[in-house]
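One structure is given here, and the rest of the page talks about it.
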Amino acid sequence: MANNAKQLKYKRILLKLSGEALAGEDGSGIDPLRATNIAERVKKVRDMGVDVAIVIGAGNLWRGSSGLEAGMDRATADYMGMLATVMNALALMDSFERIDVVTRVQSAIEMRLVAEPYIRRRAIRHLEKGRVVIFGGGTGNPYFSTDTAAALRAMEIDADVLIKATKVDGIYDMDPKNHADAVKFDHLSYIDALNRRLEVMDSTAISLCMENNLPILVLNLWDNEALTKALLGEPVGTLVTA
């Protein structure tokens, strides 16, 4: 571990996962096998000496847009989404602990029976002790996405990079699934990402990273080597910086 630590480009990371990363084949619900797969990938990098914190979305369980289309109050829909992120966090925690990775879930919405309340200094202490920390409950406020929660938590724990895990190997000028001639970017500035409206993360999250000079790395989580290579500084995915 000590030898690896000297070579690491990033010592502390915030990994942003979509809720769909846990979903089954139909894109909904929680598939325990997918959760275990993610846990094993994260364990591999944690064993390299990397501090790992995670923010996970809730699209596999609840999409606020569906509620809004049916006339639901926006704040209510957002709170439901925040609660769903805690369910995903607990599922992921279970997968980590079944492979002997000590994990803590902290929630921005207090629910002490299932998760610790979010306390910045406690979260940092967990990371220093080698524990994986999963942040649930978004920011604790409606009208903010889990992308923004990820950017906020990354800043608070002094992460070296925010890694946005996706199903594609970086950022393209068009959806590569629908356009064979889509061009992949190796590097983008924050301003380019905002101006091109590439939908990598929402504009609030990108602006927050820009204002605090936090790099964003977009990569394919399901590539077995992508995360490891990125942490060692090898060119992987798309890097968004100043």
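Observations on the structure shown:
- With every protein chain in place, the range 64-144: carbon and sulfur % of accessible area (1.4 Å): 52 percent
- Here the sum of -39500 (n - 2.57) over DSSP H runs of 4 or more residues, divided by the residues of the chain, equals -11500 deg cm²/dmol at 222 nm, to the nearest 500.
- Spatially proximal lysines relative to K129 (Cα-Cα < 29 Å; intrachain offsets below 8 disregarded): K6, K9, K11, K16, K43, K44, K164, K229
- Theoretical FRET efficiency, 1/(1+(r/R0)^6), r = Cβ-Cβ of L68 and D94, R0 41 Å, to 0.05: 0.85
- Percent antiparallel among DSSP beta bridges (both partners in the chain, rounded to 5): 15 percent
- These residues, T204, T139, T85, go from largest to smallest accessible area, 1.4 Å probe, as T204, T139, T85.
- For D173, the shell of other residues with beta-carbons less than 12 Å away shows a net charge of -1, using +1 for Lys and Arg and -1 for Asp and Glu.
- Between the range 170-195 and the range 27-62, the alpha-carbon centres lie 25 Å apart.
- Spatially, the range 202-242 and the range 144-161 are offset by 12 Å when compared through their Cα centroids.
- Other residues within the sphere of radius under 9 Å centred on the Cβ of M201, judged by their own Cβ, net out at -1 (K and R +1, D and E -1).
The values are calculated or read from the model by the stated rules, or taken from the named source; none is laboratory data. Owing to the predicted nature of the structure, the values given are computational and were not obtained by experimental measurement. Don't worry about glycine lacking a Cβ; one is built from the backbone with ideal geometry, like all the others, and counts go over all protein chains shown. We work out accessible area using only protein heavy atoms, side chains counted, and drop any ligands, DNA or RNA first. Shrake-Rupley method; radii C 1.70, N 1.55, O 1.52, S 1.80 Å.
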